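Worksheet: one structure, shown below.
The values are calculated or read from the model by the stated rules, or taken from the named source; none is laboratory data. The shown structure was predicted, so the numbers you read here are calculated from the model rather than taken from an experiment. Here Cβ is always computed from backbone atoms with ideal geometry, including for glycine, and neighbour counts include all displayed protein chains. Surface areas here come from the heavy atoms of the whole protein model, side chains and all, with no ligands, DNA or RNA. Shrake-Rupley method; radii C 1.70, N 1.55, O 1.52, S 1.80 Å.
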Protein chains: 2
Amino acid sequence: MAQTPSIPKGTRDFGCIEMARRNYIFDNIKEVFRRFGYQQIETPAMENLSTLLGKYGDEGDKLLYRILNSGDAFSGVDWASAPSSAAITSKVCEKGLRYDLTVPFARFVTQHQNEITFPFKRFQIQPVWRADRPQKGRYREFYQCDADVIGSTSLLNELELVQIVDMVFARLGINVCIKINNRKLLAGIAEVAGVPDKMMDITVAIDKIDKIGLDNVKAELLEKGVGEAAIAVVEPVLTLSGSNQEKIEFMQKMLSSSEVGMKGVEEISSLFELISAAGIRQKVELDLSLARGLNYYTGAIFEIKALDFAIGSICGGGRYDDLTGIFGLKNVSGVGISFGADRIYDVLLGLDKYPASLLSGASVLFTNMGEKEAAYCLGAISELRSHGISCVLYPESAKLKKQFEYANRGNISVVIVAGESEMAEGKFTVKNMASGEQQSVAKEDLFHYLTDVLE
Amino acid sequence: MAQTPSIPKGTRDFGCIEMARRNYIFDNIKEVFRRFGYQQIETPAMENLSTLLGKYGDEGDKLLYRILNSGDAFSGVDWASAPSSAAITSKVCEKGLRYDLTVPFARFVTQHQNEITFPFKRFQIQPVWRADRPQKGRYREFYQCDADVIGSTSLLNELELVQIVDMVFARLGINVCIKINNRKLLAGIAEVAGVPDKMMDITVAIDKIDKIGLDNVKAELLEKGVGEAAIAVVEPVLTLSGSNQEKIEFMQKMLSSSEVGMKGVEEISSLFELISAAGIRQKVELDLSLARGLNYYTGAIFEIKALDFAIGSICGGGRYDDLTGIFGLKNVSGVGISFGADRIYDVLLGLDKYPASLLSGASVLFTNMGEKEAAYCLGAISELRSHGISCVLYPESAKLKKQFEYANRGNISVVIVAGESEMAEGKFTVKNMASGEQQSVAKEDLFHYLTDVLE
């Protein structure tokens, strides 16, 4: 057992500084969710495979982590029948790890529908697991951070999610562009282009426009059976410029013959009116080339990009009309967003936006000059802690140099020394690590002195 | 798919109120850890089985959840050789779910030893999974909440853990008894009883004294080969009464011939001196019948019981001298404690100690009387939220009765009505849901009015 231990590929340990930064992100998001009346829930890491399978497409099913049944999982397998791998797997694994938070949430709402007061506003911040090929920025275990309102079709919910995004990124100091589109506009475009059955193909193709460019999107559309004439109708929409209002007017004219398209125009135009009335500080843009891959979206869709840092979208979401239908609860509409914690982490790091205080574990280190000296510090330490100040007493009476090194490495702001002379005078020597300044402070004045220094 | 979905046996959904209560517990504990300079880390849910196997005894190995390798896990199995279930399992599962936080922590410290500044004070709050038979109060997924200091042998660390326990339960309003013992005293007792090799048997037997009583402990000792004469030496220790000081003096006399025993007396007596000097508010008791089952403890051991509510221990821990040795990092001593979140949850519920505010998702509901009225509220809502007040705008213009019901069910303190007349006068009608009192408040005074009401 003497080889250095390691962790599975695609998973991560989060050390103290990474955790402090992650908590900074999650605490900010949670505080905003709280102000908007969203309440937290948690679901188990393990779900029955019957809940998970078939919800993420064939590719998703392959990426599910399956858990071996406990006890002797293989005792009931009839080897003589030469079962296939798939047959054995379904026999020996009944549970899997959560793949996202959306399906467990739909399961939760269906299972607890009689206890829930609708409209139900919940948020959920938990890890998910995918047996994906690990690569830069893609992990097999990562946190999702979702907020959804379910049981209301009002566009005020869409507005609220935009306001949440606005407040979260204002608090984090990230300038973003909030891109909005509506699946009904996409459906309308497919209709007026004469290919209403190709709506999802069009959506999937234009979802890639950022990655592969307009020409490749057109090639893919042709491949999917969307003809040249139809593409000629779709193309100007994808390259449409102008103000949000101009775009809405363009769509209104273009989609006048499509019922679903006009419903989309009405929704998007009401939402932009609400956004104007509420006053959003960040940039909000109607982006008709925004599609989002997930096929359960039916109305508004959102995607948020950082303006000053090149990275994919850092938040996204949309309206879905029938998420719980797969579990037998029909006609429940909802709308939600998901914050991409790992990418937000990288943006804040790249833009150097983390508060410096996140680097320090404690604010104050009391050095340890021996048993009596340590005992002399105990009362002051308790007082500071009871006032909320984070203090450490160095546990060993090591060389002072080593103790100061410990303070330096831990980014501790203040080091307090109490030796024989300080004890005799009822004082402490307080050293400000940033300025190097040193001050003798009476025991009873320590708390007030430090509250000034630590501000 | 129309049958009602469910979750795996022994796992739980945490709804909004349960989560608010759990967060209340964890937030209090985290705040205390922070004040003592402990920093959070997280490790992956999945560890390599080579990290986990053999660390929890044969019984523990059986309770590990194993994860099927991704891809076609069974393709490499040589069925012709008629492999045993164990052989197949080890072939098709390389990863398992975390069984506790201690072994992952030891793995973390070993793996990251060059990045860590010792003494290293970390805390960790994450779920663990055990394929145990589910029963009342025992789950297959539950959170552990651990704090450890590693890389220091000083008893100041033990003191600090006692202070942490003291502050946590003071904040939560739970009166506890902090029971302390030392494994070296148990070793000394085995020595002076003439059965030094039976130290672990004695420990395991007396660990059960609360559950099975003194007579059954004696019977078990006999069974384990501890003779009548030795039991006659052990017994008076288990039933020893008196003050902590009297117990220490008794042990000092009794163990004078045992080197390890006298080291234990020295440690326990120093720790109680430190506790007196630091001033602990909760009851602290030297309990010589405290043993704790885990065999890695080598010094101080702790166990905390609620005084006003009958339940097992709600917190426990101890000193271990060689936790990272299993991973090849020798001679690193540590001491830690673990809070039992599920039991603390039950104690607070049983004693009715949760703040009433945990029941409400939002503080204020703005009713929705129509599109124009809702738009009239938007500015006020934004202002309140920017000041940290949690507000909800009812998303549909439903009947007022329904909206008030929504406020009642959600324990919302204040409901605000804005209809045509309020809009005309630039006012809001504010209803205090507890008192039933209703007040007309000018738009610009709303925030100040509410800060008073909500206090």
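Numerical summary
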item	result
Failed item in (1) open to solvent by 40 Å² or more (accessible area, probe 1.4 Å); (2) within 24 Å of A:Gly334 (Cβ to Cβ), with A:Met167 passing the rest	(1)
Test: residue in the stretch B:45-68 that is of a type in the set (S, T, N, Q) and assigned by TED's automatic domain parsing to the domain that holds B:Arg140	no
Checklist (1) at pLDDT below 95; (2) touching a helix residue (DSSP H, G or I) at 6+ places or on another chain (Cβ under 9 Å) applied to A:Thr89, failing item	(2)
Of all residues making up the stretch B:382-428, the number that are over 39 Å from the mean Cα position of the chain (by Cα) and farther than 23 Å from A:Thr117 by Cβ	10
Residue ID - least open to solvent (accessible area, probe 1.4 Å), chosen from residues in the stretch B:260-283 that are among the charged types (D, E, K, R) and in contact (Cβ under 8 Å) with a residue 60 or more places away in the chain	B:Glu267
Check on A:Arg34, closer than 30 Å to B:Ala20 by Cα and of a type in the set (Lys, Arg)	yes
Any chance A:Phe339 is at pLDDT 95 or above and either open to solvent by less than 10 Å² (accessible area, probe 1.4 Å) or over 30 Å from A:Ala442 (Cβ atoms) (or both)	yes
Residue match in the stretch B:305-319 (condition: modelled with pLDDT of 95 or more, over 30 Å from B:Asn23 (Cβ atoms), open to solvent by less than 30 Å² (accessible area, probe 1.4 Å) and assigned to a strand (DSSP E or B))	yes
Failed item in (1) within 8 Å of chain A (Cβ to nearest Cβ); (2) open to solvent by 10 Å² or more (accessible area, probe 1.4 Å); (3) under 16 Å from B:Arg130 (Cα atoms), with B:Leu53 passing the rest	(1)
Candidate set: the stretch A:4-45, residues that are part of a loop (DSSP other than H, G, I, E, B), open to solvent by 30 Å² or more (accessible area, probe 1.4 Å) and within 7 Å of chain B (Cβ to nearest Cβ); chosen: the one modelled with the lowest pLDDT	A:Thr4
Failed criterion for B:Phe404 (all others in (1) outside any loop (DSSP other than H, G, I, E, B); (2) at pLDDT below 95 hold)	(2)
Selection status of A:Val176, without any contact (Cβ under 8 Å) to a residue 40 or more places away in the chain and more than 29 Å from B:Gln403 (Cα to Cα)	no
Matching residues, the stretch A:194-218, being among the small types (Gly, Ala, Ser) and exposed (fewer than 14 other Cβ atoms within 10 Å of the Cβ)	A:Gly194, A:Gly213
Members of the stretch B:241-261 found to be over 18 Å from B:Ile301 (Cβ atoms) and of a type in the set (A, V, I, L, M, F, W, C), listed by number	B:Phe250, B:Met254
The one condition in (1) crowded, with 17+ Cβ neighbours inside 10 Å; (2) in contact with a Gly (Cβ under 8 Å, 6 or more places away or on another chain) that A:Lys247 fails to fulfil	(2)
Members of the stretch A:339-394 that are over 30 Å from A:Met423 (Cβ atoms), touching a strand residue (DSSP E or B) at 6+ places or on another chain (Cβ under 7 Å) and in a helix (DSSP H, G or I)	A:Ala341, A:Asp342, A:Val347
Hits in the stretch A:385-413 (condition: more than 8 Å from chain B (Cβ to nearest Cβ), open to solvent by less than 30 Å² (accessible area, probe 1.4 Å) and either on the phi > 0 side of the Ramachandran plot or touching a Phe, Trp or Tyr at 6+ places or on another chain (Cβ under 6 Å) (or both))	A:Gln403
Lone unmet requirement of (1) open to solvent by 10 Å² or more (accessible area, probe 1.4 Å); (2) under 29 Å from A:Glu31 (Cα atoms) for B:Gly293	(2)
Residue pairs meeting the criteria (Cβ under 7 Å; at least 6 apart or on separate chains; first in the same structural domain as B:Val430 (by TED's automatic domain parsing), in the stretch B:387-411; second open to solvent by 60 Å² or more (accessible area, probe 1.4 Å) and in a strand (DSSP E or B))	none
The stretch A:430-446: number of residues that are part of a strand (DSSP E or B), under 45 Å from the mean Cα position of the chain (by Cα) and surrounded by 17 or more Cβ atoms within 10 Å (Cβ to Cβ)	2
The stretch A:227-249: number of residues that are out of contact with any helix residue (DSSP H, G or I) (no Cβ under 8 Å at 6 or more places or on another chain) and in a helix (DSSP H, G or I)	6
Candidates A:Leu159, A:Leu172, A:Leu155, A:Leu185, filtered to the one that is more than 21 Å from A:Val335 (Cβ to Cβ) and of a type in the set (A, V, I, L, M)	A:Leu172
